[in-house]
Amino acid sequence: MNIIEIEHLSKRFDKLEVLKDISLTIQEGEVVSLIGASGSGKSTLLRCVNLLEVYDQGTIRFEGQDIRENIKGINAYRTHVGMIFQSFNLFNHMSVLENCTIGQTQVLKRPKDEAVKLALSFLTKVGMESFADAPVTKLSGGQKQRVAIARALCMEPRVLLFDEPTSALDPEMVGEVLQVIRSLADEGRTMIIVTHEMDFAKEVSDRVVFMDQGVIVEEGDPALLFTSPTVQRTKDFLSRYLR
Amino acid sequence: MLTKLPSDLFGGALYILQKYGPLFWAGTKTTLLIALSGTIIGLFIGLGVGILRSLPESTMDNKFKTFLIRLVKLVSGIYVEVFRGTPMIVQAMFLFYALRPVFHWTKLVAGIFVVSVNTGAYMAEIVRAGIQSLDKGQNEAARSIGMNNFQTMRHVVLPQAIRNAFPAIGNEFVVNIKDTSVLNVIGVTELYFQTTSVAGITYRVQDTFLVSAIIYLILTYSTTMILKIIERKMNMPVQNGPSSTSTAFLVFGNKREER
């Protein structure tokens, strides 16, 4: 079943056309990686999916419904698509636990004790339960990103969007975050991952989408796309990344 | 207790303080009352206006909402510019006489009003700078978990913005302790007004104003110290944006140390 359908999406920042007629369908339970050079539009595409960016033309449908059709419903829609940012964006004035409960109590109107219970279960999943009361500013980058993943999971989203989740991390912390994302993929969650970690994309994805200069150049099974790309631009890009 | 006014400066000052102590005390109380209430009311005005001035304009909004937001921004912008761009002494004279037929107010109430609206304009800029100094990722993270504008402001943006802006907010209070002195032009019996009264009785201007200066200094210095203690207490590490005095003063560099 299609959960997200992107059709003929276009976006420009002033004169610069960052997305040109993009069409992409994501199925329930599918893990799709978006790869491409910086400035290829992959992050912008991801941000359009939860309306952090406004697109100029085209439609995005979530479970068959145009996500822009009902402006009042934007906030409700956003609870269905969890976002994990490159720079974590944890709420710095709150503890780890509060980061995970604030959305539940304020947006979903869950009772406090229920919210705490769910938050602790997701913090356990990402291995951060012992830090529940710690201020987030005391954490390492890898720990912050794991908390950010728990915060997103607490809203019980249907889709998870990862915007370069490991790009801001020190190399020794990349592994712990990828491990968490891998375990989420194994649960059968629907995920769109923008990443520069090619080995990880190859291993975890059901489908890889290569973008360049605002268009989807090539997409397909990771095993095929990484080993025998058909388009020259894909070959050039991969030869720079895969050695 | 001395019975005759000594001729030297310090002896004279001590004599004047002993003899006219109650007048100075009354003035000090009025000064503190106006400075404190003016700063607090001004902070609330500043919060309101500062938030209005930081409202996001979304291209997804309809035309009427966009128009309304722009209008509100224009009006609040005019308020801020007018009250920061004119001397408080002029505002005091103008507002006291212009609004007297409407409010039928006492000089004290008028004084508090003037300091409040004046401080409000500065606070608005402090709040706005505090909001803008936050990483925009904080806002995006709040929106991405489904928070609306109000929830984002209330739970994510403002708590951090106010903490970052606290040194500048406290500085407003210190400035107000000194600046209430201009209210003597409308006859508010604050410390400066009382000092001129005493000087008029004693004919010893420098001795009398030495007493006044020392009282002002004690007020501002102790306030500064108290604010520093509070600041240290709430200064748990904040990653984004300025958290300590020095950076905050840089960010809010358009502040008036003197006016």
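The values are calculated or read from the model by the stated rules, or taken from the named source; none is laboratory data. Because the structure is a prediction, the values reported are computed rather than measured. Quick reminder, even Gly has a Cβ in these numbers, built from the backbone with ideal geometry, and neighbours come from all protein chains shown. What goes into the accessible areas is simple: the full protein's heavy atoms, side chains included, and nothing from ligands, DNA or RNA. Shrake-Rupley method; radii C 1.70, N 1.55, O 1.52, S 1.80 Å.
Once the piece of chain linking B:I218 and B:T196 is laid out straight, how much longer is it, given 0.36 nm per residue of separation minus the C-alpha distance between them?
Details: separation 22, 0.36 × 22 = 7.92 nm, distance 1.92 nm.
Gain in length upon complete extension: 6.0 nm.
Length gain on complete extension for the stretch A:T59 to A:E129, per 0.36 nm per residue less the alpha carbon to alpha carbon distance?
Details: separation 70, 0.36 × 70 = 25.20 nm, distance 3.96 nm.
That pair, A:T59 and A:E129, stretches by 21.2 nm at full extension.
Expressed in nm², what is the orientationally averaged projection area of the convex hull enclosing the Cα positions of chain B?
Values: hull surface 67.9 nm².
Convex hull of Cα atoms, orientation-averaged projection: 17.0 nm².
From other protein chains only, count the Cβ atoms within 10 Å of every residue's Cβ in A:92-104, then give the mean. Please report the intermediate quantities before stating the final value.
Values: counts 14, 14, 4, 0, 0, 0, 1, 2, 1, 0, 6, 8, 1.
Per residue, the number of nearby Cβ atoms from other chains is 4 on average.
Over segment A:146-197, average the accessible area per residue using a 1.4 Å probe and give it in Å², no decimals. Don't skip to the answer; put the middle values down first.
Working: 1610 Å² over 52 residues.
With the other protein chains kept in place, segment A:146-197 gives 31 Å² per residue.
For helix B:9-53, report the angle its Cα long axis makes with the longest principal axis of the Cα atoms of chain B; keep it between 0 and 90° and round to the nearest 10°.
The angle comes out at about 10 degrees.
For segment A:73-168, calculate the relative contact order in percent as a whole number, restricting contacts to Cα pairs under 8 Å that are 6 or more residues apart.
Working: 135 pairs, mean separation 48.3, N = 96.
Computed over segment A:73-168, the figure is 50 percent.
Any idea what log10 I(q)/I(0) is at q = 0.13, 0.17, 0.23 Å⁻¹ for segment B:70-181, Debye with uniform C-alpha scatterers and no solvent?
So the normalised log intensities work out to -0.64, -0.91, -1.23.
Go through segment A:219-224 residue by residue and turn each phi into a ³J(HN,Hα) via Karplus (6.51, -1.76, 1.60, θ = phi - 60°); whole Hz please, and just put x for glycine and proline.
9, x, 4, x, 4, 6
Peptide B:166-174: average number of partner chain Cβ atoms within 10 Å per residue?
Working: counts 0, 0, 0, 0, 0, 0, 0, 0, 0.
So the per-residue partner count for this stretch is 0.
Quick check of the Kirkwood formula: for chain A, what is the inverse mean of 1/r over all pairs of different Cα atoms, in Å?
18.5
Counting only the heavy atoms of the protein chains, how much of A:D199 is accessible to a 1.4 Å probe, in Å² to the nearest 10?
110
Relative contact order of chain B, please, whole-number percent, based on alpha carbon pairs below 8 angstrom and at least 6 residues apart.
Relative contact order here is 29 percent.
Which semi-axes, in whole Å and largest first, does the equivalent ellipsoid of segment A:176-218 have when worked out from the alpha carbon gyration tensor as the square roots of 5 times its eigenvalues?
Numbers: eigenvalues 91, 25, 14 Å².
Equivalent-ellipsoid dimensions as semi-axes: 21, 11, 8 Å.
How high is the relative contact order of segment A:101-243? Use alpha-carbon pairs under 8 Å, at least six apart in sequence, and give a whole percent.
16
Taking the Cα atoms of segment B:1-103 alone, what are Rg (to one decimal) and Dmax (as a whole number) in Å?
In order Rg, Dmax, the Cα atoms of segment B:1-103 give 23.6, 78 Å.
Note every residue of segment A:131-148 with a reduction of at least 50 square angstrom in accessible area, all protein chains present versus the isolated chain, computed with a 1.4 Å probe, or write none.
Correct list: A:T137.
For segment B:3-54, what does the alpha-carbon gyration tensor say about shape, rounded, prolate or oblate, given a ≥ b ≥ c as the root eigenvalues, a/c under 1.5 as rounded, and a/b over b/c as prolate?
It comes out prolate by the Cα gyration axes.
Tell me which chymotrypsin sites (Phe, Trp or Tyr not before Pro) from segment B:158-205 have a DSSP coil assignment and no more than 10 other beta carbons within 10 Å of their own. Provide the component values of the computation, followed by the final result.
Working: sites: B:F173, B:Y192, B:F193, B:Y203; in loops: B:Y203.
Those that pass, being in a loop and sparsely packed, are B:Y203.
Please compute one quarter of the surface area of the Cα convex hull for segment A:28-116 and express it in square nanometres. Spell out each step's value before the answer.
Details: hull surface 31.8 nm².
Mean orientational projected area (segment A:28-116, Cα hull): 7.9 nm².
Ranked from highest to lowest mean number of other Cβ atoms within 10 Å per residue, what is the order of the peptides B:164-171, B:83-90, A:34-41? Please list the in-between numbers first.
Values: B:164-171: 23.5, B:83-90: 14.8, A:34-41: 20.6.
Top of the packing list down: B:164-171, A:34-41, B:83-90.
Provide Rg and Dmax in Å for segment A:92-152, with only Cα atoms included in the calculation.
10.5, 31
R0 = 45 Å: FRET efficiency of A:A168 with B:R232, Cβ-based, nearest 0.05?
Using R0 = 45 Å, I get an efficiency of 0.90.
With label points built 7 Å along Cα→Cβ from the Cα atoms of A:V215 and B:F67, find their separation and express it in nm.
Modelled inter-label distance: 4.2 nm.
Sequence neighbours fewer than 8 away in the same chain don't count; with that in mind, list the aspartates and glutamates whose C-alpha is under 13 Å from B:K107.
List returned: B:E190.
For segment B:128-154, list whatever residues lose no less than 30 Å² of accessible surface once every protein chain is in place, relative to that chain by itself, with the probe at 1.4 Å.
SASA drop of 30 Å² or more in segment B:128-154: B:Q138, B:E140, B:A141, B:R143, B:S144, B:I145, B:G146, B:M147, B:Q151.
Going by amide H atoms built from the backbone, whose H comes under 5 Å of the H on A:R12, apart from near neighbours?
Result for A:R12 returns A:V18, A:D56.
Over the Cα atoms of segment A:131-219, what is the Rg over Rh ratio if Rh follows Kirkwood?
On the way: Rg = 14.1 Å, Rh = 14.2 Å.
Rg/Rh for segment A:131-219 comes to 0.99.
Report, in cubic angstrom per residue, the convex hull volume of the C-alpha atoms of segment B:111-159. The partial results should precede the final answer.
Working: hull volume 3.4 nm³, N = 49.
Enclosed volume per residue, from the Cα hull, is 69 Å³.
What residues qualify as long-range amide H neighbours of A:T190, i.e. H under 5 Å apart, gap of 5 or more or another chain, H built at 1.01 Å from N?
Placed amide hydrogens put A:G29, A:L160 under 5 Å from A:T190.
What number comes out for accessible area per residue over chain B if the probe is 1.4 Å? Units Å², please.
On the way: 13020 Å² over 259 residues.
Per-residue accessible area for chain B comes out at 50 Å².
Could you pull the Rg and Dmax for segment B:128-237, using just the Cα atoms, both in Å?
21.3, 70
Step through the table entries A:K20/A:K42; A:K144/B:K136; B:K136/B:K233, compare each Cα-Cα distance with 19 Å, and write down the pairs that go over it.
Values: A:K20/A:K42 12 Å; A:K144/B:K136 17 Å; B:K136/B:K233 26 Å.
B:K136/B:K233, as the Cα separations exceed 19 Å there.
From other protein chains only, count the Cβ atoms within 10 Å of every residue's Cβ in A:153-159, then give the mean. Display every interim value, and only then the final one.
Numbers: counts 0, 1, 3, 0, 3, 0, 0.
Across A:153-159, the average partner-chain Cβ count within 10 Å equals 1.
For segment B:113-129, what does the Karplus curve 6.51 cos²θ - 1.76 cosθ + 1.60, with θ = phi - 60°, yield as ³J(HN,Hα) per residue in whole Hz, taken in order and with x for Gly and Pro?
Result, ordered by residue: 4, 4, 4, 4, 5, 5, 4, x, 5, 5, 4, 4, 5, 5, 5, 4, 4 Hz.
Is any helix in chain A, taking whole DSSP H runs, at least 15 angstrom long along its axis by alpha carbon and on average at least -0.5 on the Kyte-Doolittle scale, and which ones?
On the way: long enough: A:96-106 (16 Å, -0.07); A:112-125 (20 Å, 0.13); A:141-154 (20 Å, -0.02); A:171-186 (23 Å, 0.44).
Taking the DSSP H segments of chain A (at least 15 Å long, mean hydropathy at least -0.5), we get A:96-106, A:112-125, A:141-154, A:171-186.
For A:S10 paired with B:E81, estimate the spin-label separation in nm (one decimal), with each label point 7 Å from Cα along the Cα-to-Cβ line.
A separation of 3.8 nm, rounded to one decimal place.
Can you compute the equivalent ellipsoid semi-axes for the protein assembly as shown, i.e. the square root of 5 times each eigenvalue of the Cα gyration tensor, sorted largest first and rounded to whole Å? If you can, show how the numbers build up before the last one.
On the way: eigenvalues 721, 117, 70 Å².
Equivalent ellipsoid semi-axes, largest first: 60, 24, 19 Å.
Please work out the Kirkwood hydrodynamic radius for segment A:66-122, using every pair of different C-alpha atoms, and report it in angstroms with one decimal place. It would help to have the intermediate numbers written out before the result.
Working: mean 1/r = 0.0781 Å⁻¹.
It is 12.8 Å.
Using only the C-alpha atoms of segment B:55-95, find the volume of their convex hull and express it per residue in Å³. Let's see the in-between values first.
Values: hull volume 2.7 nm³, N = 41.
Here the figure is 65 Å³ per residue.
Rank these residues by their accessible area, most exposed first, probe 1.4 Å: B:W25, B:W105.
Values: B:W25 155, B:W105 30 Å².
These residues rank, largest area first, as B:W25, B:W105.
Could you work out what % of the accessible surface of the protein assembly as shown is carbon and sulfur, using a 1.4 angstrom probe and leaving DNA, RNA and ligands out of the count?
On the way: 13860 of 23270 Å².
So the carbon and sulfur contribution to the accessible surface is 60 percent.
Roughly how large is the A-B contact in terms of buried accessible area, totalled over both chains, probe 1.4 Å, nearest 100 Å²? Display every interim value, and only then the final one.
Details: alone 11370 and 14170 Å², together 23270 Å².
Between A and B, the summed buried area is about 2300 Å².
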